[in-house]
Amino acid sequence: MNLHNLKFWSRKGVILEQKKEPALSRDLQQFFSSQPTSATAEALKEGETVTLERLIRLSEEANIIDEQDGKPLAKILRKWLTKPCNRIVADAIDDEPYVSSQTNPMMKLSADAAYGLRLLQTALQPKSAEFAVYKEMYYLNCRIPTKIEEFPVRKMGGKYPMEKRAVRRLGDDVLTVGVCALIHLARAAKEGTVQSSCFVTVAGNCIGNPANLEVTIGTPVSALIDRCGLITDPTYLAIGSAMKGIAVLDADNTLVRPNTNAIIAIKESKPNLRRMDCIGCGRCLEVCPEGLNPMELYRTISVNRRESAKLLGMDRCIGCAACSYICPSRLELCEMIQSRKEKWNCNKQEVKGNENER
Amino acid sequence: MKMNAKPFPYIRAEERSPMLMLDTAIALIPPFFMACFYYGMRSLAVGAFTVIAAVAANWISDLCSGRGLEWWDASPVVTGMIIALLMPASVPYYIPIIAALFAIFVVKFPYGGTGHNLFNPAAAGLAFVTLCFGDQLANYPIPLETLPMTVDETVKLTQGAASLLKMGAIPTISMEQLALGNFAGPMGTTNILVIAACLIYLLIRRNVKWYVPLTYLATISLFASRVHHENLSAAESIIVELVAGSLMFVAVYMLTEPVTLPKRPMGKVLYAMTAAVITMLFRYYGVVLNSAVFALLLTNAFTPLFDRLVEQGHIVERSVTGSEDE
Amino acid sequence: MKMSKNNWYRRFLLATKGIFLQNPILTLGLALPFAVVACTSLQTAVGLSIGALMALIPAALLLPYVMKWIPQQLQWLDYPICALLSAVFLMPTRLITGSLSPALMDSVGVYFSLFCVSSLLFTVKEKCKEKEPVRALLTLIRMWLGVVLVLVLMGCIREVLGYGTIWNKPLTFMKIRFSGVMVSGLGFILLGFLAALGKKLHRTILSVQFWLRDGWPKLKAKVAGIFEKNEKEPKKIMDEKELIHEEESAEQLVEQITETVLGKEQDNK
Amino acid sequence: MMELIAVFSAALAAENLFFARAFDFGNMSRINRDPKKLLTYGGLSTLILTVAGFLAYGVNRLIAGTVLYNYISGIAHLLTLVLVYSAAYFLMGKYAANFFEKLGKYLPFAAFNCATLGSLLLSAKDVELDSLAKALTYHLGAGVGFTAALLLIWSLRQRLSSCNAPKSFRGLPLQLITAGLIALALVGLTGNQLPA
């Protein structure tokens, strides 16, 4: 736990109003648009000893994908063949508003989640294994359990862009796996089913009855929206969370991918036409979790100064959009930095090798 | 449904920067009431003229520079009010208007509008006016006498506390008069309690950082207690120093202008300290009366330097604590 | 869309290359002290311009011949010799103008004898080194006229604003005296605005010419755009496509024309 | 000792050669690309100025009484500068060879710019700079103030070019206006009297 984590841990970040409620306490509904795939993985037999290689082969056959960052579970586990594992944490942290696509499955399908975690525990023999949940969730209709079967549920606090820093804070001899990946692992171990679905929250102030759905991968967003019903026309429809999502331009052709955790439809009350330039209020400085200076970055990038932007730490930006959230002049700080990051990086790539190799 | 593309995030904090600017304008209204209480309706007329001149100049400069009419931006109102409040109540009308025009057309327009000016427009306007019409701004009317709307020779003008201090005399102001602030001085800056109340309001609205005015006043009182008149004790000289020039007013409203401040908290502290040091140097060796305004104008030139220094510090610190690769 | 060769404005600019196009004071930023602090009235401006005439023109013309006369290993002395040459010519003019109007000399003070080391002289020396005398004389005259134009303008403005008189004859309409205009601070600001005015004039002439050929739609759109620019859509973010579109807009083309056709300006974008 | 500090600080801040008297060295944009070159350039000109000041004090004593004082003083101070410049040229050529290649072409500009000759002439005209020590501290203060002013302008350059000024104000006009506003701030020390 090096100094860096502690220092940036508690102070920086934004306190977001989570608005998780109607979706979190509702039970998980299935919404399978197509029949399940006929391919099957080879299930675990009764007396078979559970080793890490066996689990890697199983997750490869069931091509389970971890919903945190979209990497396949096999690749994550392969790293731990040589490294000793001190602890396993099943990550069910949802620190973005409206989103509860990890906490809800953990509560509703807790048997599968516990079974998956037990498989990993027997394979890696860590000292302790537990679930991790976001602490700052208030006005909930249901109660977050403190223990799921024999695994404790740890509440981890902190301001908004907290998931990545929480994982970093635990240290590098800790394996963190998404809860949904564990659920799919458990199903593959029991019945040998391949992962063909993922857990998505459909929420926002325009959605009729927001809920958590288990959706087959590849269903279009419009089907989900019709399933949950729209009260009014949303000004923004985003796939991915309200803070880091991508705007959906045509709802029929954007499909759900394994690592999308939510679909948000938001109606902005006051159309924001009163634009102003940066007045130097300094709020984005207090908020940036990486300790960068978004004001200066925005100014240097808008004047296309590549070297001084890199010197100011442009590549350290994790794209959490906390600065754009807090900015009173409604400047697109994070979008400007992220788009230039790709543009300037990919320029370098073109010089070196082909574009799609990145 | 109409899909409009917008980059993330899709939810925003409700605070808006037009509202931020309006807060400073609201915080500037109580000193106007005090001025109206001391000097009658004339101070309101002076304030109104300056604000109208500043806002009109800002609109014209926005249109000329093709930036588009931004009528919701309240920063020219703040500039106009500050200029009016630092003038004596018996000032002829055309002087604050010229200061406001200079402040907007020379300090804000060439740099590109509201968020980009390097110098504090009110400070530059006042510097220009004290340079050109210094003699008319030197003496102040006596408080608690309502002035006629058009000032003629019948109005008795006395010297303010700052000019007395400059000439080595000790302003004979009793403690309770100091607290109430009814001694000769610029329109809005004599009453310390009202300004402190406005400071608290600004702090609550998170418009002003608490440590900027604090370091400024602390360094000045440090200086004032060190070098003072022979028959003034350290504590008295601090109080006289704070009250004489329009120091408190500058510390609360002009020093904490968000546009001209450095960006990092460490830079803001450095900025406040240099402003205090230069104010005291101007006060001892300078010729001009409102030395705090000139010193502020000079320290505005150092903000990019402080930004660069403090930013280098952060870059070094980031590289020392190891880069976090995802 | 390149400007045609026989465009009257382009020919006019190239003909007067030192005065309007690359004015030594406004665009190159030489000889600042004379424009900012020294010339506080029309009289001092005239005195200074005479000083400039005597300091710049003979020294720059005679220098090549003097240098031929100097032996080879002392060749590095060219700058001091140029300064001495112009001082030799400059000082008598100081005496003559001093006797003509003594008030002018003490108001200008030390600045008059600074012409011999000013950056203007050294740039002029560089410019006229390889040219033959007649062309060198022409560039010198044009440069000198450029300097005189700025000096006279600054002198007039400051005298009208400061003392309300033109060549010591009081004007009736100037009731408010800005006595502070004489200080170096406001001299800098006035010179900055003058330079900006020059550039603005240059750009408007070019853009008006461009739109005359191109018809009025773009100008109407631009003027209309100013008022409800903020109402309709929020401020655009310049990504790749926008930048190329921005390139095509009339404003940007004017920029290109001034860059390519008429030579590099002192503009650090 | 106190008057020396007073003279030094007056030359440094109150009658700063760049802000109060607007002496600027050659083409502003040619030299001030990076601060190290600017600092060495300013240091060099301050050194040459102080050494020339030493000579100029004697020369000034010599020609004080003559009738054509204005005419001779200009040429005399220029001659002292030429003397010091050639001495510097030889010394640098012999001892500091690598330093010479780096700054060889800037040496004439460091020696012959408005700041050096102007400060020499000003100290000759100034009546209360009677003793040699005061004259030298005046030159030192003037040189240091001049370099400090140019460093300050350099530190503002990046900030000025990154604000979206209207197109006709970008570049030199904005730098002039910024220098003007700083000079306006420094007026607080000297007041309204016109620098001679």
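The values are calculated or read from the model by the stated rules, or taken from the named source; none is laboratory data. Bear in mind the structure is a predicted one, so any value in this text is a computation, not a measurement. Please note: Cβ atoms are built from the backbone with ideal geometry, for glycine as well, and neighbour counts cover all protein chains shown. SASA here: full protein model, heavy atoms, side chains in, ligands and nucleic acids out. Shrake-Rupley method; radii C 1.70, N 1.55, O 1.52, S 1.80 Å.
What nm value, rounded to one decimal, do you get for the distance between B:Arg308 and A:Glu60 when each label is placed 7 Å out toward the C-beta?
For B:Arg308 paired with A:Glu60, the spin-label model returns 5.6 nm.
Taking a threshold of 27 Å on the Cα-Cα distance, which of the pairs A:Lys12/B:Lys108; A:Lys267/B:Lys268; A:Lys135/B:Lys268; C:Lys127/C:Lys199; A:Lys19/B:Lys209; C:Lys131/D:Lys102 fall above it?
Working: A:Lys12/B:Lys108 33 Å; A:Lys267/B:Lys268 39 Å; A:Lys135/B:Lys268 35 Å; C:Lys127/C:Lys199 23 Å; A:Lys19/B:Lys209 31 Å; C:Lys131/D:Lys102 29 Å.
Cα-Cα > 27 Å for A:Lys12/B:Lys108; A:Lys267/B:Lys268; A:Lys135/B:Lys268; A:Lys19/B:Lys209; C:Lys131/D:Lys102; rest within.
Quick one: pull the percentage of alpha-carbon pairs in the stretch D:34-80 with a separation above 12 Å.
Pairs farther apart than 12 Å: 65 percent.
Where nothing but the Cβ of Lys and Arg (+1) and of Asp and Glu (-1) is charged, how large is the charge dipole of the protein assembly as shown around its Cα centre, in debye to the nearest 20?
Computed charge dipole of the protein assembly as shown: roughly 2080 debye.
Any idea how far apart D:Leu132 and A:Glu268 come out in nm if each label point goes 7 Å out from Cα toward Cβ?
Rounded to a tenth, the inter-label distance reads 7.5 nm.
How are the Cα pair distances of chain B distributed, in percent, across 20 Å bins from 0?
So the P(r) values, bin by bin, are 30, 56, 13, 1.
Average partner chain C-beta neighbours within 10 Å, per residue of B:13-22? The partial results should precede the final answer.
Working: counts 10, 3, 6, 8, 14, 6, 2, 6, 4, 0.
So the per-residue partner count for this stretch is 6.
Return the Rg/Rh value of the stretch A:84-226, two decimal places, where both radii are evaluated on C-alpha atoms and Rh is the Kirkwood radius. Could you put the intermediate results ahead of the total?
Working: Rg = 15.6 Å, Rh = 16.1 Å.
Answer for the stretch A:84-226: 0.97.
In chain D, which whole DSSP H runs stretch at least 24 Å along their own axis (Cα) and average 0.0 or higher on the Kyte-Doolittle scale?
Those that pass (Cα extent of 24 Å or more, hydropathy at least 0.0) are D:35-62, D:69-94, D:132-161, D:172-190.
Would you mind putting D:112-125, A:51-64 in packing order, based on average other-beta-carbon counts within 10 Å, highest first? Write down the numbers at each step before the final one.
Values: D:112-125: 25.4, A:51-64: 19.1.
The densest-packed peptide leads the list: D:112-125, A:51-64.
What does the charge count near B:Ala123 come to, summing +1 for each Lys or Arg and -1 for each Asp or Glu among other residues with Cβ under 14 Å from its Cβ?
With Lys, Arg at +1 and Asp, Glu at -1, the neighbours total 0.
Putting +1 on Lys and Arg Cβ atoms and -1 on Asp and Glu Cβ atoms, find which of A:Pro145, A:His184, A:Leu44 reaches farthest to the positive end of the dipole of the stretch A:9-191.
Ranked along the dipole, the leading option is A:Pro145.
Can you pull a Stokes-Einstein diffusion coefficient for the stretch A:283-352 at 37 °C (0.692 mPa s), Rh from Kirkwood over Cα pairs, as a whole number of µm²/s?
270
Can you give the accessible area per residue of chain D, in Å², using a 1.4 Å probe?
38
In whole angstrom, and with the biggest value first, how far do the Cα coordinates of the stretch A:9-191 range along each principal axis?
Computed over the Cα atoms, the extents are 46, 40, 28 Å.
At a probe radius of 1.4 Å, figure out the B/A buried accessible area, summed over both chains, and give it in Å² to the nearest 100.
The B and A chains share an interface burying roughly 5100 Å².
Could you list the residues of the stretch A:117-147 with an amide nitrogen less than 16 Å from a label point located 7 Å from the Cα of A:Glu53 in the Cα-to-C-beta direction?
Taking a point 7 Å out along Cα→Cβ of A:Glu53, the residues of the stretch A:117-147 whose backbone N falls under 16 Å are A:123-124.
Can you tell which of C:Leu63, B:Phe119, A:Val287 lies farthest toward the positive end of the dipole of the protein assembly as shown, using +1 and -1 charges on the Cβ of basic and acidic side chains (Lys, Arg; Asp, Glu)?
It is C:Leu63.
About the Cα centre, and with charges only on the beta carbon of Lys, Arg (+1) and Asp, Glu (-1), how big is the dipole of chain A? Nearest 20 debye, please. Walk me through the intermediate numbers first.
Numbers: 50 positive and 43 negative charges, 267 e Å.
Approximately 1280 debye in magnitude.
Any chance you could run the full-extension gain for A:Ala39 through A:Val174? It's 0.36 nm times the residue separation minus the Cα-Cα distance, nm to one decimal.
45.3 nm
By how many degrees, 0 to 90 and rounded to 10, does the Cα axis of helix B:42-64 deviate from the longest principal axis of chain B?
Roughly 30 degrees between the two axes.
If the chain between C:Val134 and C:Lys175 were fully stretched, how many nm would it gain, using 0.36 nm times the residue separation less the Cα-Cα distance?
Length gained between C:Val134 and C:Lys175: 9.9 nm.
For the stretch A:171-223, what size does the Cα cloud have along each of its three principal axes, sorted from largest down, in whole Å?
Here the Cα extents, ordered largest to smallest, are 42, 33, 16 Å.
Once you have all Cα-Cα distances for chain A, histogram them in 10 Å bins from zero and send the whole-percent values.
It works out to 5, 22, 30, 27, 13, 2, 0, in whole percents.
Report the charge-dipole magnitude of the stretch D:33-188 in Debye, nearest 20, computed about the Cα centre from +1 at each Lys and Arg Cβ and -1 at each Asp and Glu Cβ.
I would put it at about 640 debye.
Send over the per residue convex hull volume for the protein assembly as shown, Cα only, as a whole number of Å³.
Working: hull volume 263.0 nm³, N = 1149.
Considering the Cα atoms of the protein assembly as shown, their hull volume per residue is 229 Å³.
Identify which of A:Gln195, A:Gln30, A:Gln121 has the largest mean-square fluctuation in a Gaussian network model of chain A, with springs joining Cα atoms closer than 10 Å.
In this elastic network of chain A, the residue with the biggest mean-square fluctuation among A:Gln195, A:Gln30, A:Gln121 is A:Gln30.
If you fit an axis through the alpha-carbon atoms of helix B:121-132 and take the longest principal axis of the Cα set of chain B, what angle between them do you get, 0 to 90°, nearest 10?
On a 0 to 90 degree scale, this one is about 40.
Roughly how big is the D-C contact, given as buried accessible area in Å² (both sides, 1.4 Å probe, nearest 100)?
For chain D against chain C, roughly 4600 Å² becomes buried.
Can you give me the P(r) profile for the stretch D:33-188? Cα pairs, bins 10 angstrom wide beginning at 0, each as a whole percent.
10, 32, 30, 20, 7, 1
Points 7 angstrom from Cα along the Cβ direction at B:Met167 and A:Leu311: gap in nanometres?
With each label placed 7 Å out from Cα toward Cβ, I get 5.3 nm.
At R0 = 35 Å, how high is the FRET efficiency between C:Trp167 and C:Leu95 if r is their beta carbon distance? Nearest 0.05 is fine.
0.95
Positive end of the charge dipole of the stretch D:33-188 (Lys, Arg +1 and Asp, Glu -1 on Cβ, about the Cα centre): tell me which of D:Gly188, D:Ala135, D:Ala56 has its Cα farthest that way.
Checked the options; the winner is D:Gly188.
Given a cut-off of 18 Å, what percent of all Cα-Cα pairs of the stretch C:1-154 lie beyond it? Before the final figure, lay out the partial values.
Details: 7030 of 11781 pairs.
Value for the stretch C:1-154 (Cα pairs over 18 Å): 60 percent.
With r as the distance between the Cβ atoms of B:Gln159 and B:Ala235 and R0 = 22 Å, compute the FRET efficiency 1/(1 + (r/R0)^6) and round to 0.05.
The calculated FRET efficiency here is 0.35.
With the full set of protein chains in place, find how many percent of the accessible area of chain B is carbon and sulfur; take the probe as 1.4 Å.
Working: 8660 of 12090 Å².
Taking all protein chains in place, chain B shows 72 percent carbon and sulfur surface.
Among the listed pairs A:Lys155/A:Lys341; A:Lys75/A:Lys155; A:Lys159/A:Lys270, give every one whose C-alpha distance is greater than 30 Å. Write out the running numbers ahead of the final one.
Details: A:Lys155/A:Lys341 34 Å; A:Lys75/A:Lys155 27 Å; A:Lys159/A:Lys270 26 Å.
Pairs exceeding 30 Å: A:Lys155/A:Lys341.
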